[in-house]
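Note sheet for the following structure.
The values are calculated or read from the model by the stated rules, or taken from the named source; none is laboratory data. Everything numeric here is computed off the predicted structure, so don't read it as measured data. Note: areas computed on protein heavy atoms with side chains; ligands, DNA, RNA excluded. Shrake-Rupley method; radii C 1.70, N 1.55, O 1.52, S 1.80 Å.
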Amino acid sequence: MLLAIDVGNTNLVLALGEVGGEIRDVWRIRTDAVSDAGTCGDLMRATIGPAIDEATAAIVASVVPDATPHVVGALTALTGKAPLVVGAAGVTLGIDVNIDRPEQAGADRLVNAVGAKAHHALPAIILDFGTATTLDLVADDGAYEGGIIAPGVALSIESLERAAAQLPRLELRQFDDDLPILGKNTIAAMESGVFWGYVSMIDGLLSRLRARHGTGDNMQTILTGGLAGLFADHLAGPVIVDVDLTVKGLFEIFARNR
């Protein structure tokens, strides 16, 4: 049984399943709770429960360098062997990375491209709602062609709260198409700015990507990340929601490298 972990700035996403088979379950642990390998191992065991003892191998993709050694140490202790780490020497992804400095590409974004190649029609745009909101272009042969990084939704809300003394904390919720564009109170105005502002930004970026890279208006867009479901029904053009895209990519990479 394989334990795959995506270490993000906000959460660790953990998935357990058979290599080449279905993912059994997915869990989350807050990244800021991971202070050392022992604590990380305890959190994993408490979160996953007895099923963690079925894990005999592990793979990690991380965009948080300070947390990476803690996660690697915890997995080594739990499985009895060092995990595969995306980006380490000798770990092959099976895709080309066509950007100026491939070593700068976030591990999660490359893993998403691998997952898209294995599970979706290409070419495609991957839209990942994480701490940052990213859009990445994957060519018809699975090559990673580059992308766009914008502030994430939660990060934007936190910035508003910190910088504007009179603005309250806004809680994200499921919005409907009838959410007024013109707010009649502070909360309604903030909700409109965050929700319709992000919908407009994403639609605009998708339109420019499709137009400037010859992908056509019907190019598939794959939404992933924790907030994908919040925006999926409100974007122009065809979209597919695959919240497990990153861990699917990790399973593919492990299968290629084992």
Of the candidates Phe175, Phe195, the one satisfying the condition of being closer than 24 Å to Ile125 by Cα and part of a loop (DSSP other than H, G, I, E, B) is Phe175
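Results for (1) at positive phi; (2) open to solvent by 20 Å² or more (accessible area, probe 1.4 Å); (3) of a type in the set (Lys, Arg); (4) part of a strand (DSSP E or B), shown as yes or no for each residue.
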| position | (1), (2), (3), (4) |
| --- | --- |
| Asp6 | no, yes, no, yes |
| Asn9 | no, yes, no, no |
| Arg24 | no, yes, yes, yes |
| Asp32 | no, yes, no, no |
| Ser35 | no, yes, no, no |
| Gly38 | no, yes, no, no |
| Leu43 | no, yes, no, no |
| Thr47 | no, yes, no, no |
| Ala61 | no, no, no, yes |
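For (1) open to solvent by less than 10 Å² (accessible area, probe 1.4 Å); (2) in a loop (DSSP other than H, G, I, E, B); (3) among the acidic types (Asp, Glu), each residue gets a yes or a no:
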site: His70; (1), (2), (3): no, no, no
site: Gly73; (1), (2), (3): no, no, no
site: Ala82; (1), (2), (3): no, yes, no
site: Val91; (1), (2), (3): no, yes, no
site: Ile99; (1), (2), (3): no, yes, no
site: Asn112; (1), (2), (3): yes, no, no
site: Asp128; (1), (2), (3): no, no, yes
site: Asp141; (1), (2), (3): no, yes, yes
site: Ser159; (1), (2), (3): no, no, no
| Do the conditions hold for Ile148, that is, is it under 20 Å from His213 (Cα atoms) and either among the hydrophobic types (A, V, I, L, M, F, W, C) or open to solvent by less than 40 Å² (accessible area, probe 1.4 Å) (or both)? | yes
By residue number, the members of the stretch 198-244 that are acidic (Asp, Glu) and part of a helix (DSSP H, G or I) are Asp203, Asp233
Filter the stretch 101-110 for residues that are of a type outside the set (Asp, Glu) and open to solvent by 50 Å² or more (accessible area, probe 1.4 Å); the one that is farthest from the chain's Cα centre (by Cα) is Arg101
